[in-house]
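Report on one structure; see the data block that follows.
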Amino acid sequence: MNNKPIYVTQPSLPLLAEFNTYLEKIWSSKILTNGGEMHQALERELCDYLGVEYVSLFNNGTIALLTAIQALGIKGDVITTPYSFVATAHSLLWNGIKPIFVDIDPISMNMDPNKIEEAITPATTAIMPVHCYGNACDIVAIGDIARKHSLKVIYDAAHAFAVKDHDGRSLLNHGDLSVLSFHATKVFNTFEGGAIVCRTKEMKARIDQLKNFGFVDEVTVAAPGINGKMSEVNAAFGLLQLKTIDSVLSKRKNVACYYRAELSDVKGIKLTEQASFERSNNSYFPLLIMSDFPVSRDELYQRFKEVNIFSRRYFYPLISDFPMYNHLESSSKQNLPVAGEIAKQIICLPIHTELDLEDLERIVTVIRTC
Ligand code: T4K
């Protein structure tokens, strides 16, 4: 077997020559940013592809999260999950908001809706759940709680590109806003990038102002906005990526099917539930390493590394364990027993379109020979 490095993810890149034709257009127009032709085209094409009403492009997912919070005027306390990439909670802290962590469901690894109501305080104004690994949150239960308590909902949908809900419609249509990441490590990437999905023209106008310093027109600034604009080069790359996204998603599904077939009978390994697997975009392939597996999760991670396979422990440590969060009451281990346990068991296997059968066999062999 060869020893070439295998990474947890690799971007699927188009032919450079194809990208050049887009670059030539940008060179000749000399419009590099500020909502040019490529930017407008990508917003339109994403609406069609995703089945959503309005998309506002951003330069990354984190700035999109920051802006989504501003767009809804969220303040005070916001209920969120400790089991995510740190950007989820950082976007709250940067807006002067206190995150209130609630525990996750052991099956979906998403925020447990049964724990939300008890975490609501008089200062709570919103819920920020994450569709972790592209697996849908319990959108119905979260929607009911939000309505009952008049809370806004921003879904961090960084992992959920092209994921459908139980009715076959875009998952991104749930909540007040959904925020995507188009980072290089994502299923759909624009090098760096992100987007907010919303449902009204007025909200899109507000978001578009906020991401452009608050400008309404040349002489009017309506809000203290930020510079969150996506450049024409990034948007052009997105247009190209969209041409092959279906084949990317189907290749990723094949990888996930291979792992499921090879690993479902391995003692001590727990895969995600079949139902969430079927609706997933396979942006990640998470495994839980249980106590009856022959080695610990960290030992497995090391054994992979020794043979040049770079798995990742997304999401360990929990966000609530980082120094800027661990003093919060809701960060206590007693409040987050499920998230704490899963963070110790989780490992994400490599999943991307560049993996061939030999790579997959190398990965599975490490697990099977423990
Ligand atoms: N919310 C959630 C739930 C998120 O997961 C994220 C981002 C955000 C919000 C914020 O969105 P952005 O502002 O990032 O748009 C990565 C990504 O940097 C981050 O975008 C992502 N989540 C997070 C889960 O993972 P790292 O530190 O694991 O990335 P890195 O550089 O170690 O890359 C992992 C592997 O990917 C490398 O071993 C090789 C490969 N890779 C990476 C890059 C950057 C490539 O092949 N090419 C590349 O250009 O954070």
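The values are calculated or read from the model by the stated rules, or taken from the named source; none is laboratory data. As the structure is a computational prediction, the values presented were derived from the model and not from experiment. Glycine gets a Cβ as well: all are built from the backbone with ideal geometry, and neighbour counts include every protein chain shown. Just so you know, the surface numbers come from the protein's heavy atoms only, side chains and all, with ligands and any DNA or RNA stripped out. Shrake-Rupley method; radii C 1.70, N 1.55, O 1.52, S 1.80 Å.
The table below lists the values:
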item	result
24 Å Cα cut-off, lysine pairs counted over region 244-368 (separation 8 or more, or different chains)	10
Sites matching trypsin sites (Lys or Arg not before Pro) across region 16-49 that sit in DSSP coil, with at most 11 neighbouring C-beta atoms within 10 Å	30
Most positive-pole-ward Cα, 214, 255, 187, against dipole of region 156-258 from beta carbon charges	255
CD proxy at 222 nm, helix term only [per DSSP H run n ≥ 4: -39500 (n - 2.57); per residue of the chain; nearest 500]	-11500 deg cm²/dmol
The chain: C-alpha gyration tensor shape, a/c 1.5 cut-off, then a/b vs b/c	oblate
Estimated dipole of the chain in Debye, rounded to 20 [Cβ of Lys and Arg +1, of Asp and Glu -1, Cα centre]	220 debye
Length-normalised contact order for region 244-368 - Cα pairs under 8 Å, 6+ apart - percent	34 percent
Candidate lysines for bridging to residue 229, where Cα separation is under 30 Å - those fewer than 8 sequence places away on the same chain excluded	25, 30, 75, 98, 152, 164, 186, 201, 204, 211, 243
Relative contact order computed over the chain (Cα-Cα under 8 Å; 6+ residues apart), in percent	24 percent
Where GluC sites (Glu not before Pro) fall in DSSP loop in region 200-292, at most 14 other Cβ within 10 Å	218, 273
Heavy-atom accessible surface of region 149-280: percent carbon and sulfur, 1.4 Å	52 percent
Hz values of 3J(HN,Hα) by residue in region 228-236 - Karplus curve (6.51, -1.76, 1.60), Gly and Pro given as x	x, 6, 8, 7, 5, 5, 5, 5, 4
Check: region 213-349 dipole with +1 on Lys, Arg Cβ and -1 on Asp, Glu Cβ, in debye	420 debye
Fraction of antiparallel bridges per DSSP, the chain only, in percent to nearest 5	55 percent
Directionally averaged projected area (convex hull, Cα atoms, region 103-256), nm²	11.3 nm²
Accessible-area value, residue 156, 1.4 Å probe, nucleic acids and ligands omitted, Å²	10 Å²
Choice from 286, 11, 224 showing the highest fluctuation, given a GNM over the chain with Cα pairs closer than 10 Å	224
Near-label residues of region 275-313 by backbone N, under 18 Å of a point 7 Å along Cα→Cβ of residue 365	300-311
Per DSSP, loop chymotrypsin sites (Phe, Trp or Tyr not before Pro) in region 270-346 with at most 14 further Cβ within 10 Å	none
Highest-first arrangement of 170-181, 203-214, 112-123, where packing means the average Cβ count within 10 Å	170-181, 203-214, 112-123
Heavy-atom accessible area per residue - the chain, 1.4 Å, Å²	44 Å²
Residue among 281, 296, 331 farthest towards the positive dipole end of region 244-368, charges placed on Cβ	331
